[in-house]
């Protein structure tokens with residue numbers, strides 16, 4: 001994280017560096033909305049002032065659940081193993097028919113689509129009942145380039161068997177294009 005990045009840059013301070021951590025991906029708890037921010041004290045002072053006026057207090061039960069999640073590393077390791085298994089299985093199915101790579105981090109794939117990403121998404125859902133998100137919905141155009149155009153986001157958050165079934169349906173759908 002931040003310490004590693006600063007050390008790699010030969011810096012022993014956190015000037016102009018801020019990092020956000022959450023339980024969303026670490027613990028597979030996106031709905032909990034729990035995390036923390038660390039880094040440059042001057043930047044964080046302004047952030048704290050902003051949060052004071054625009055944030056809300058976290059309910060006690062959310063704080064207790066957060067403490068339990070942050071204090072348990074075993075579920076994180078188990079979760080990472082489950083994602084490795086999902087990526088292995090889904091990539092075996094999709095790599096022969098799509099331009100898709102294993103991400104360095106995260107819980108989703110970002111493959112190129114053989115057709116327009118929005119059209120691909122609509123037709124995939126209509127024919128195979130598989131939901132993906134058009135990449136063009138997740139990026140914006142800058143200097144004539146939108147990095148999400150022609151891609152879809154495939155979240156591998158369902159159980160392994162469901163991810164495999166979805167990948168097989170996607171492969172079958174692509175075969176009809």
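Structure values in brief
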{"quantity": "Rg [Å, one decimal], Dmax [Å, integer] - region 2-70, C-alpha atoms", "calculated": "14.2, 41"}
{"quantity": "Fluctuation leader among 71, 28, 79 - the chain, Gaussian network, Cα springs under 10 angstrom", "calculated": "71"}
{"quantity": "Gaussian network model of the chain, Cα within-10 Å springs - most flexible of 158, 78, 57", "calculated": "57"}
{"quantity": "Fewest-first sequence of 107, 125 by Cβ atoms within 10 Å of each Cβ", "calculated": "125, 107"}
{"quantity": "Helical mean residue ellipticity (222 nm; -39500 (n - 2.57) per DSSP H run of 4+; nearest 500) of the chain", "calculated": "-15000 deg cm²/dmol"}
{"quantity": "Likely footprinting exposure, 43, 174, fewest C-beta neighbours within 10 Å first", "calculated": "43, 174"}
{"quantity": "Convex hull volume of region 31-132 per residue (C-alpha atoms, cubic angstrom)", "calculated": "198"}
{"quantity": "Extension gain (nm, one decimal) between residue 51 and residue 162, 0.36 nm per residue minus Cα-Cα", "calculated": "36.1 nm"}
{"quantity": "On Cα atoms only, tilt of 160-175 relative to the major axis of the chain in degrees", "calculated": "50"}
{"quantity": "Highest-fluctuation residue, 48, 29, 124 considered, GNM on the chain with Cα pairs under 10 Å", "calculated": "48"}
{"quantity": "Region 90-177 - percent relative contact order, Cα under 8 Å, separation 6 or more", "calculated": "33"}
{"quantity": "Cα-only Debye scattering, region 75-175: base-10 log of I(q)/I(0) at q = 0.10, 0.15, 0.21, 0.23 Å⁻¹", "calculated": "-0.27, -0.59, -1.08, -1.24"}
{"quantity": "Radius, Kirkwood style, for the chain when every pair of distinct Cα atoms is counted (Å)", "calculated": "19.1"}
{"quantity": "P(r), alpha carbons of region 121-177 - 5 Å bins starting at zero, rounded %", "calculated": "4, 18, 23, 22, 16, 9, 6, 2, 0"}
{"quantity": "For 137, 108, 83, order by how many other beta-carbon atoms lie within 10 Å, fewest first", "calculated": "137, 108, 83"}
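A short reminder: the numbers here are calculations on the coordinates, not readings from a lab. Predicted model, so just to flag it, every value in this text is computed and none were measured. All Cβ positions, even for glycine, are placed from backbone atoms using ideal geometry, and neighbour counts span all protein chains on display.
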